[in-house]
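**Q** Handing you this structure, nothing more for now.
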Amino acid sequence: MSNPHYGGQFGQPGNTGQFQGQVPQPSQQFQGQMPQQAGFNGQMPQAPRKKNNKATALIAVIVAAVLVIIGGGAFALARSLSTSGGFASPTALANSINSAFGSNKLTSLATALSPSELKAATTWQKDYKANGKADWSKLVSPEALADYIGQIDLSKSTIEYTVDEKSENLSLITITKWEGEVTIKPELVDKIRQNYEKAKGEKLTANESSMLDDMKSSLSKESTFSGNILGQLDLDTLTIVSVKEDGKWYISPAMTMAEQMYPTSSVRPNYDADFTDVKGASSAEEAVSGLVDALRNGAGMGDKDFYRYLDLPERRIAAVYGGTGSGSDMNIGAGIQVHWGLTSTKVTDGAIVGFGTTSITFDGDYKVDFNNDTVTFGFPDFSSSYGSSNKNTHAQSQNLTVRFTEGLVNPERLGVFTVKDKTGWHVSFIRTVGNLNLLEATDDAVNQAVDGMSSSFGYGSDVSADEMRDMATTNKPVGAMLVIAWNFMKSLN
């Protein structure tokens, strides 16, 4: 896992259930972050702003640590466990969650997570190779995760909950009361430091060490909390979404995130939505074009004409939380014409779809033409007609061509990840993001990008050009994204 800065995404309570995906970055990006695996974004959940702010920072760390275990590290743990996953009913799953916290056995939750989401979040790992001295898989190995778990103690935990079966494939487990005592030892930071250094393959920078020192100092001041855990998270209740896959019930981190977020939107969940009986596309290219064309033709995210092109984890979210018919009033396709010329490259467990020779026109005056490794933007030059008294004078067309893949070692990895099941081809956004972990650029291209950006903008006191270079060369996907950004920036000069 080459510093999964782009890992397949799930998230964090508060904005969460999204057990998202990311390893702490060097320099300033480490601040406020915990280790990740694809499936956990590594960011600390923000502490709620309350008059009584006691222990909220601690609770934030606890939640982040728990997410590392049951979100990011679940796949590695599941592989090391002999028991099979899943539960016979939503009630049995709810009882297991209660038991895991009540007995301080968090590892038992590893096999309770949705197999389809875990598979999507970890597909890219099959093709991952350590980057020389840096091997980021060591940060979330089963051994490393055991280190982290050993520094978290849950005791006197009592949970009250309800189970509401919404359909034959979806149920809600709502925690209405959660009392307990939680201790997170400051030594957790030492474990993070040790495993981060092993993964990086060299000593930490002064900036990285300082940030870890600050984290440990904060934990040392307050490491135990007793009382109403939901209250400290500024929640009245916490709803966990469970789904049925292959006859068994699991926690869906992605659905749980959506469930947490919907109260702040105007959309109401369609729990009866059919997200299992769908027809996919006949090819990888059609999965991408079909998805976009459905939106252009007025379909909403909650319409089967749209979500049938999505992989199961994303399909469930769109079907239940997308809002039926929400796209009909948006008219997203008005003024946009697309001539599809997509291409695809077969990879492990799927295919990556690139733009190929696709051409997109907006309102007739703006055009984007792809030609495999280059893209040309066409737009009107209004300065050519500015101030003219001739009403028939039209703005001349301007063009800008960018070779956006220049400097990349594996440009075929840049695109949309699609997967095939028995119903056809589907777009997987989780795999698309996770796949970015495999992107890499040449050292020369990375150095040119760092030098170019430094020359154009300079850096603040928080990060120097050398620190940026260290981060970009140690973490291949970071360097690759930096190179892509520089390809566009230098074309504007």
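The values are calculated or read from the model by the stated rules, or taken from the named source; none is laboratory data. Note that this is a predicted model, so its numbers are computed, not measured. Neighbour counts are summed over all protein chains in view; Cβ atoms, including those assigned to glycine, are modelled from backbone coordinates with ideal geometry. The protein model used for the area step is the full one, side chains on, heavy atoms only, and it has no ligands, DNA or RNA in it. Shrake-Rupley method; radii C 1.70, N 1.55, O 1.52, S 1.80 Å.
**Q** For the subset of the stretch 335-370 comprising residues that are without any contact (Cβ under 8 Å) to a residue 60 or more places away in the chain, open to solvent by 50 Å² or more (accessible area, probe 1.4 Å) and assigned to a strand (DSSP E or B), which member is nearest to L438 (Cα to Cα)?
**A** K346
**Q** Need the failing condition index for K177 against (1) farther than 23 Å from N104 by Cβ; (2) open to solvent by 30 Å² or more (accessible area, probe 1.4 Å), just the number.
**A** Tallying (1) farther than 23 Å from N104 by Cβ; (2) open to solvent by 30 Å² or more (accessible area, probe 1.4 Å), K177 fails exactly one: (1).
**Q** Quick one: in the stretch 433-450, which of the residues that are open to solvent by 10 Å² or more (accessible area, probe 1.4 Å), touching a residue at least 60 places away in the same chain (Cβ under 8 Å) and in contact with a Ser or Thr (Cβ under 9 Å, 6 or more places away or on another chain) is farthest from R469 (Cα to Cα)?
**A** Going through the qualifying residues, I end up with L438.
**Q** For the stretch 204-240, which residues satisfy the criterion of being part of a loop (DSSP other than H, G, I, E, B) and either basic (K, R) or closer than 30 Å to I317 by Cβ (or both)?
**A** Within the stretch 204-240, L233, D234, L235, D236, T237 meet the criteria.
**Q** While we're looking at this one, here's another question. Answer yes or no: is there a residue in the stretch 246-255 that is open to solvent by 50 Å² or more (accessible area, probe 1.4 Å), outside any loop (DSSP other than H, G, I, E, B) and free of Cβ contacts under 8 Å to residues at least 24 places away in the same chain.
**A** No - not one qualifying residue is present in the stretch 246-255.
**Q** Also: List the number of the failed condition for V163; all other conditions in (1) open to solvent by 30 Å² or more (accessible area, probe 1.4 Å); (2) closer than 30 Å to V243 by Cα; (3) within 23 Å of the chain's Cα centre (by Cα) hold.
**A** In the conditions (1) open to solvent by 30 Å² or more (accessible area, probe 1.4 Å); (2) closer than 30 Å to V243 by Cα; (3) within 23 Å of the chain's Cα centre (by Cα), V163 misses (3) alone.
**Q** Taking only the stretch 260-301 into account, find how many residues are under 22 Å from F417 (Cα atoms) and part of a helix (DSSP H, G or I).
**A** 13
**Q** List the number of the failed condition for Q194; all other conditions in (1) closer than 30 Å to D466 by Cβ; (2) modelled with pLDDT under 90 hold.
**A** For Q194, the failing item is (2).
**Q** I've got another one for you. Kindly list, by first and then second residue, each pair from a residue in the stretch 473-484 that is more than 16 Å from E406 (Cβ to Cβ) to a residue that is open to solvent by 20 Å² or more (accessible area, probe 1.4 Å) and acidic (D, E), limited to pairs with Cβ atoms under 6 Å and residues at least 6 apart or on different chains.
**A** K476/E440
**Q** Turning to a different aspect of this structure: Which residue is nearest to L312 (Cα to Cα), if the candidates are limited to the stretch 119-132 and must be out of contact with any helix residue (DSSP H, G or I) (no Cβ under 8 Å at 6 or more places or on another chain) and assigned to a loop (DSSP other than H, G, I, E, B)?
**A** K129
**Q** Evaluate the following for S226: is it out of contact with any Phe, Trp or Tyr (no Cβ under 8 Å at 6 or more places or on another chain) and either without any contact (Cβ under 8 Å) to a residue 12 or more places away in the chain or open to solvent by 60 Å² or more (accessible area, probe 1.4 Å) (or both)?
**A** Taking the combined requirement at face value, the residue satisfies it.
**Q** Restricting attention to the stretch 166-179, does a residue exist that is without any contact (Cβ under 8 Å) to a residue 60 or more places away in the chain, assigned to a helix (DSSP H, G or I) and farther than 20 Å from Q260 by Cβ?
**A** The answer is no; no qualifying residue exists.
**Q** Then there is this: Going residue by residue through the stretch 136-145, is there one that turns out to be β-branched (V, I, T), part of a helix (DSSP H, G or I), closer than 16 Å to S242 by Cα and at pLDDT below 80?
**A** no
**Q** Let me ask something else. Can you pull out every residue in the stretch 303-319 that is assigned to a loop (DSSP other than H, G, I, E, B) and either closer than 17 Å to M257 by Cβ or open to solvent by 50 Å² or more (accessible area, probe 1.4 Å) (or both)?
**A** R308, D311 - these are the residues of the stretch 303-319 that are assigned to a loop (DSSP other than H, G, I, E, B) and either closer than 17 Å to M257 by Cβ or open to solvent by 50 Å² or more (accessible area, probe 1.4 Å) (or both).
**Q** Kindly provide the set of residues from the stretch 180-222 that are of a type in the set (G, A, S) and open to solvent by 20 Å² or more (accessible area, probe 1.4 Å), ordered by number.
**A** G201, A206, S209, S210, S217, S218, S220
**Q** Which condition does N297 not pass, out of (1) more than 30 Å from S89 (Cβ to Cβ); (2) open to solvent by less than 50 Å² (accessible area, probe 1.4 Å); (3) in contact with a helix residue (DSSP H, G or I) (Cβ under 9 Å, 6 or more places away or on another chain); (4) not hydrophobic (A, V, I, L, M, F, W, C), if it passes all the others?
**A** So the condition that N297 fails would be (2).
**Q** Another one. What single numbered condition from (1) of a type in the set (G, A, S); (2) open to solvent by 40 Å² or more (accessible area, probe 1.4 Å); (3) over 28 Å from the mean Cα position of the chain (by Cα) fails to hold for A92?
**A** (2) is the only condition that A92 fails.
**Q** What number of residues within the stretch 204-230 satisfy the criterion of being within 12 Å of I192 (Cα to Cα) and among the β-branched types (V, I, T)?
**A** 0
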